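Comments concern the structure below.
Bear in mind these aren't lab numbers, they're just calculated from the coordinates by the rules spelled out. Keep in mind the model is a prediction, meaning the values are calculated, not measured. Don't worry about glycine lacking a Cβ; one is built from the backbone with ideal geometry, like all the others, and counts go over all protein chains shown.
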Amino acid sequence: MKFNRRSFLIIVGIACIILILPALYNVTSGIYQSIKQSNTSQTGNINGNGGSASSSNALGTPRVTRENIDNSGQQTIPSLALNIQNVSLVVATSQKYIGAPYAPGGVSPAGFDSSGFIQYVFKQHGISLPRSTADQFKMGTAVKDLVSGDLVFFNTSGSGVSHVGIYIGNGRFISTTVNKGVKVDHLEDSYWAPRFMGGKRL
């Protein structure tokens, strides 16, 4: 009797194993397929076949998010997307030339006009901008909420954009004026406020 009971238990155990094995196989196979699909998806994102890729600017430096950005303006020419470090350097460089004289068509510290000053300052940091104010106005993205490093444009001639400066914060900008050369002014000054045409972010 003892032998028969033992044999019966062995047979039952084998039968249970036979029934359970297919289920275990299905579960294991499902887990494997799930892991494989996950790895494939991640590889696709890394290679640029899926997901969002990190963007870099024309200078090869990563795009850095800045606060108070308004992207409602139309971008006519690809943005240079200045990063935070470049912005600080550009502003510091522009302030070095406060007091430099005005010269029609001037592009050096010996004498600047407004667009020549902008072109010169940015060039010191390896950033090439067009020569004329009108062409500089086509650069970047129009913005309403200005941050340091944005370009600010004015209609001082009565016939369209004719003057450009660099916004340096707290409503102030630096530019080359005919009477006093490179100087800091405020956007709300009685002369500049009605002539302001907008800001552009590179």
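Remark: spin-label model distance R131-I18 equals 9.3 nm, labels positioned 7 Å along the Cα→Cβ axis.
Determine, from the Cβ-Cβ distance of K180 and Q95 and an R0 of 25 Å, the FRET efficiency 1/(1 + (r/R0)^6), rounded to the nearest 0.05. Mind dumping the intermediate values first?
Numbers: r = 15 Å, r/R0 = 0.60.
It comes to 0.95.
Name the shape class, rounded, prolate or oblate, that the alpha-carbon gyration tensor gives for the stretch 84-201, where a ≥ b ≥ c are the square roots of its eigenvalues, rounded holds for a/c under 1.5, and otherwise prolate holds if a/b is larger than b/c and oblate otherwise. Cα axes put the stretch 84-201 in the rounded bin.
For the stretch 112-151, trypsin sites (Lys or Arg not before Pro) are listed when DSSP marks them as loop and at most 15 other Cβ atoms sit within 10 Å of their Cβ; the list is R131, K138, K144.
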